Amino acid sequence: MPLRNIRTYPDPVLRRKAEQVTEFDENLKQLVSNMAETMYNAPGVGLAANQIGVLQQVVVIDASEEKNNLMALINPEIFDGEGSVTDEEACLSVIDYGAKVKRFQKIKVKALNIEGKPVEFTAEDWFARVVQHEVDHLNGVLYIDHISALKRALYKKKRKKQLREEQAAGHDK
Ligand code: NI
């Protein structure tokens, strides 16, 4: 099962909205499997389909310490949120950067599982943060959209410089 290439900022696909999944077939299982492998390999705690250039509402998450609790959420929706926590966040698509972001402490989530069956659950703290981050991806939102405009501009500048240097060094990505 192949690893997929993780798209990085400022790739425009990260700004597109993902479409709802309607077919719960072998292709979906393959996509989830590839995404899980890519996430664990990175390593990361979550990955949204946009991040591998697939505009479908699919996220995989494993927020466990032991890395043995894979969760695939299809068409996820956060329908309630309370409290707020500010904590450090990072993203596989926003490389070499981390920043503090304010999120709901507790959320209620509706989604479908890989078989197309509805699931509903409450997430708190770190797990809630990861779900909010991944659902943002499906809407074309990056966590750097939640930081100050100044910090975002500085990251943009840093990233542009990094891309120029990579290009000068003859790297192809
Ligand atoms: Ni991310």
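Relative contact order of the chain: what whole-number percent is it, with Cα pairs under 8 angstrom and at least 6 residues apart?
Reported as a whole number, the value is 22 percent.
Which percentage, to the nearest 5, of the DSSP beta bridges contained in region 19-173 is antiparallel?
95 percent
For helix 149-168, report the angle its Cα long axis makes with the longest principal axis of the Cα atoms of the chain; keep it between 0 and 90° and round to the nearest 10°.
70 degrees
By the gyration tensor of its Cα atoms, with a ≥ b ≥ c the square roots of the eigenvalues, what is the shape of region 91-139: rounded for a/c under 1.5, prolate for a/b over b/c, or oblate?
The shape class here is oblate.
Using alpha-carbon positions, what is the distance between the centroids of region 113-173 and region 17-63, in Å?
Here the answer is 14 Å between Cα centres.
How many nm separate the modelled label positions at N5 and V85, each set 7 Å beyond the Cα in the direction of the Cβ?
Output for this residue pair reads 3.6 nm.
Relative to the longest principal axis of the chain, what angle (0 to 90°, nearest 10) does the C-alpha long axis of helix 125-138 take?
70 degrees
In degrees from 0 to 90, rounded to the nearest 10, what is the angle of the helix 26-41 Cα long axis to the longest principal axis of the chain?
50 degrees
Taking 31 Å as the cut-off for C-alpha to C-alpha distance, list the pairs among K108/K161; K110/K157; K67/K117; K17/K158; K106/K157; K67/K161 that go past it.
K108/K161; K110/K157; K106/K157; K67/K161
Quick check on region 1-106: take the gyration tensor over C-alpha atoms, sort the square-rooted eigenvalues as a ≥ b ≥ c, and tell me if it's rounded (a/c under 1.5), prolate or oblate.
Since a/c stays below 1.5, the shape of region 1-106 is classed as rounded.
How big is the C-alpha Rg of region 19-173 next to the rule-of-thumb value 2.2 N^0.38 Å, as a ratio?
Working it through for region 19-173, the quotient is 1.09.
Based on the Cβ-Cβ distance of R16 and S64, what FRET efficiency does E = 1/(1 + (r/R0)^6) give at R0 = 45 Å, to the nearest 0.05?
0.90
Only the coordinates and a few stated rules stand behind these numbers; no lab work does. On a predicted model such as this, the values are computed, not experimentally measured, just so you know. As a convention, Cβ positions derive from the backbone with ideal geometry for all residues, glycine included, and neighbour counts pool all protein chains shown.
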